[in-house]
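Visitor: One structure follows; several queries about it will come next.
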């Protein structure tokens, strides 16, 4: 594998990961995911799984760009092996993206919970103060 082949693999894997995560996780595609899930349980699972979707995305990208990572021997096998190589590398990038997303989402939820608890504490303190005033 040459440096150019490695760079092509990396670029296609990054694109595969980004497209797969966008389709399966972003709000912009939630309507599409719901529509597909209503039509077919199998396709519904497919469009919610970044790993599953990455297989199809890698095949489309391989076809679109006409790239093969392995040397030319037998086209169907070359495309199959190349697509799986792209999926393998894309899975690593997807893992990192999903981990970062989970961390950011969890941090935001914790922050929102802290704010809600602080507001609830303020309400409780005000109510206790009113009760004391009424008891006097």
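Visitor: Look at residue 39 and say whether it is surrounded by fewer than 12 Cβ atoms within 10 Å (Cβ to Cβ) and more than 21 Å from the chain's Cα centre (by Cα). Lay out the reasoning, then the answer.
Guide: Numbers: surrounded by fewer than 12 Cβ atoms within 10 Å (Cβ to Cβ): yes; more than 21 Å from the chain's Cα centre (by Cα): yes.
Spelling it out, residue 39 is indeed surrounded by fewer than 12 Cβ atoms within 10 Å (Cβ to Cβ) and more than 21 Å from the chain's Cα centre (by Cα).
Visitor: Are any residues in region 71-87 part of a helix (DSSP H, G or I) and surrounded by fewer than 10 Cβ atoms within 10 Å (Cβ to Cβ), and if so, which ones?
Guide: Answer for region 71-87, where residues must be part of a helix (DSSP H, G or I) and surrounded by fewer than 10 Cβ atoms within 10 Å (Cβ to Cβ): 75, 76.
Visitor: Ok, one more. Which condition breaks for residue 68 when tested against (1) in a loop (DSSP other than H, G, I, E, B); (2) within 23 Å of residue 95 (Cβ to Cβ)?
Guide: Checking residue 68 against (1) in a loop (DSSP other than H, G, I, E, B); (2) within 23 Å of residue 95 (Cβ to Cβ), the one that fails is (2).
Visitor: Hey, another quick one. Go through region 1-56 and tell me which helices (runs of 4 or more DSSP H), entirely inside it, have 3 or more residues that are modelled with pLDDT of 90 or more and under 19 Å from residue 83 (Cα atoms). If you could, list the steps in order and put the result at the bottom.
Guide: On the way: elements: 3-25, 30-39, 41-46.
Filter on region 1-56 gives 3-25.
The values are calculated or read from the model by the stated rules, or taken from the named source; none is laboratory data. All figures in this text were calculated on a predicted structure; none of them were measured in a lab. With ideal geometry, Cβ positions are generated from the backbone for all residues, glycine too; neighbour counts draw on all protein chains shown.
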